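Accompanying notes for the structure given below.
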Amino acid sequence: MMNNQIVYFGLAGALRLLLMNSDYQSVIADRVEVSTALNSWKRITEGVYLHNIGVDPYSGDLLHETPLGLVTFDFIQKYFPTYMIWLLFVITDLVTALLLGITATYYIKESIDRDKEEEAKRDTKAKTDPDNNFSLITSPSKTSVFYVSAAYLFNPYIVLNCVGLTTTVFTNFLIAVTLLAIIKRSVIPFCLTIALLTLQGLYPVCLIVPAIIYIIKESHIDEVAGKVARILMTFFAMLAALFILSFYIMGSWSFLKSTIGFILLVPDLRPNIGLYWYFFTEMFEHFRSLFIASFQINVSLLFIVPLALRLRKDPMLLAFSYLAIDAIFKSYPCIGDVGFYLSLLPLWRHLFRHMQQGFIVGCFVLFCTVFAPTVWHQWIYSRSANANFYFGVTLAFAIAQIFLLTDILFANVKREFALRHGLTNEVNGNKAKLLLE
């Protein structure tokens, strides 16, 4: 198994390097589905240049990276040749896949232990109610660990995201570190990474909720309030320290408008795979503040409490749900965000048999992936289409993701019900048998 993993990691790295060294690299880097105003490497390069010649890179509408990111990428571009930068992106992607695999190992072990706790109840119920069949309930599998890493390594969205040299590669790495720190209940690491992610992209702040649930779910009731207070104090202290450090780097607070303010107010309406650009282009200006607030509440606040209450027993599924909602509804999404949470799907292979819309979602995602560049070419170059065509594809893509997320959550509810009450083998009220022919 170890040898196979080394081969797969090597193949994934070679594939990325091969595409980076081809003529397709510039084409991929310029795609609106891959690069946005927040993660474009070209904008980083120009921002670093302006900073080095003494011009405030945040004075215009060019740079939207944090000052910490600006200093880091300045160091990388100053001391790393081009091939080393490519190698850095590839290694970061491979390490992210490795971290997701380790996270999957811990999660699958926890899931199996949780199911074993239900075995006594299953046995008791099976004796008292022989019509209930618990054997049909699929349990988590240890092979899911390998599939998670493979799904990240060979996910086309992730590969294109890496080849396009987007900073989402490093964002995904930080999220992977966060998930691992959460499941290992390491307070300092996950508070630090969530603080970095919040400073950079704002929306990942919601990951503090599953982190808190993981910490307190095995604690005594008297200790819960104290632990929650310590976690929140640690998180806000680190976030404040990062803001102060950013101020020290730039000498002003001008970066706030170009980072967090840019994400919240959505001033750049260039097309992407999200839903904001078309809506706010067509909307009357005097309604802008109302709908900006509505959109941002939808992605950042509306689902946090309901999902936390419903998925409190499975914080990793809760984190997955938050990441999916952010990727669907955030103001400047890219396929790298979508590819990351799709790579986590093998963690819930045991839910697939309870899903009903897998084929529809798969077809939608495939068609949208093919149609997006096609319609873009017709709109921008051939002039045989317009913005409505491209927005139609992005809207269908968002709907497909919503169907996927709701299907996973409903499948989880069905499995929980089956664990408690069993599955009855009946067809039209009559007892049925499963036969293999």
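The values are calculated or read from the model by the stated rules, or taken from the named source; none is laboratory data. Remember, it's a predicted structure, so these values are computed and weren't measured experimentally. Using ideal geometry, Cβ is built from the backbone for each residue, glycine included, and neighbour counts are taken over all protein chains shown. Keep in mind that these areas ignore ligands, DNA and RNA; they rest on the heavy atoms of the full protein, side chains included. Shrake-Rupley method; radii C 1.70, N 1.55, O 1.52, S 1.80 Å.
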**Study point:** 3J(HN,Hα) from dihedral phi, segment 29-41, Karplus parametrisation 6.51/-1.76/1.60, rounded to Hz, x for glycine, proline
**Key:** 5, 8, 5, 5, 6, 9, 9, 10, 5, 8, 10, 5, 5
Exercise for review: Could you list, in their original order, any pairs among 330/414; 227/414; 227/257; 109/414; 42/313; 78/184 whose Cα atoms are separated by more than 31 Å?
Suggested key: 227/414; 227/257; 42/313; 78/184
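When a/c is below 1.5 the answer is rounded, else prolate if a/b is larger than b/c, else oblate, so apply that to segment 191-308 with a ≥ b ≥ c taken from the square roots of the Cα gyration tensor eigenvalues.
oblate
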Revision key, fill the gap. Rounded to whole Å², per residue accessible area for the chain with a 1.4 Å probe reads 49 Å²
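State the extension gain, in nm to one decimal, for the chain segment bounded by residue 413 and residue 305, taking 0.36 nm per residue of separation less the distance between their alpha-carbons. Please list the in-between numbers first.
Values: separation 108, 0.36 × 108 = 38.88 nm, distance 1.73 nm.
Stretched fully, the residue 413-residue 305 segment lengthens by 37.1 nm.
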Review point. Can you give the extra length, in nm with one decimal, that the chain gains between residue 79 and residue 380 once fully stretched, where that is 0.36 nm per residue apart less the Cα-Cα distance?
Key: 104.6 nm
Review point. On full extension of the chain, what length is gained from residue 399 through residue 270, given 0.36 nm per residue of separation minus the C-alpha to C-alpha distance?
Key: 44.4 nm
**Study point:** With Cα atoms, 0 to 90° folded angle of helix 67-79 axis to the chain main axis
**Key:** 70 degrees
Study note, to complete from the structure: For residue 353, placing the label point 7 angstrom along Cα-to-beta-carbon and taking segment 378-419, residues whose amide nitrogen sits under 16 Å are 411-419
Exercise for review: Report the label-to-label distance for residue 88 and residue 188 in nanometres (one decimal), using points 7 Å from each Cα along the Cα→Cβ vector.
Suggested key: 2.6 nm
Review point. Given a 1.4 Å probe and every protein chain left where it sits, what share in percent of the accessible area of segment 1-423 is carbon and sulfur?
Key: 68 percent
Exercise for review: Compute the label zone of residue 290 within segment 243-266: residues whose backbone N is under 20 Å from the point 7 Å along Cα-to-Cβ.
Suggested key: 265-266
Review point. In µm²/s, what is D for segment 361-411 at 4 °C and 1.567 mPa s, where D = kT/(6 pi eta Rh) by Stokes-Einstein and Rh is the Kirkwood radius from Cα pairs?
Key: 112 µm²/s
Revision key, fill the gap. For the residue 241, residue 25 Cβ pair and Förster radius 35 Å, calculated FRET efficiency rounded to 0.05 is 0.40
Practice item. Please work out which option in (1) 23.2, 80; (2) 23.7, 72; (3) 24.2, 95 gives Rg and Dmax of the Cα atoms in Å calculated from these coordinates, and answer with its label. Key: (1)
Check your understanding: When you count, for each residue, the other Cβ atoms within 10 Å and take the mean per peptide, how do 301-308, 201-208, 275-282 rank with the highest first?
Key -> 201-208, 275-282, 301-308
Revision key, fill the gap. Given 170-176, 328-334, 362-368, the highest-first ranking by average Cβ count within 10 Å works out to 328-334, 170-176, 362-368
Practice item. Measure nothing but the geometry: give the 0 to 90° angle between the long axis through the Cα atoms of 119-128 and the longest principal axis through the Cα atoms of the chain, rounded to 10°. Key: 40 degrees
Practice item. Between residue 406 and residue 279, with labels modelled 7 Å along Cα→Cβ, what's the label distance in nm to one decimal, could you check? Key: 1.6 nm
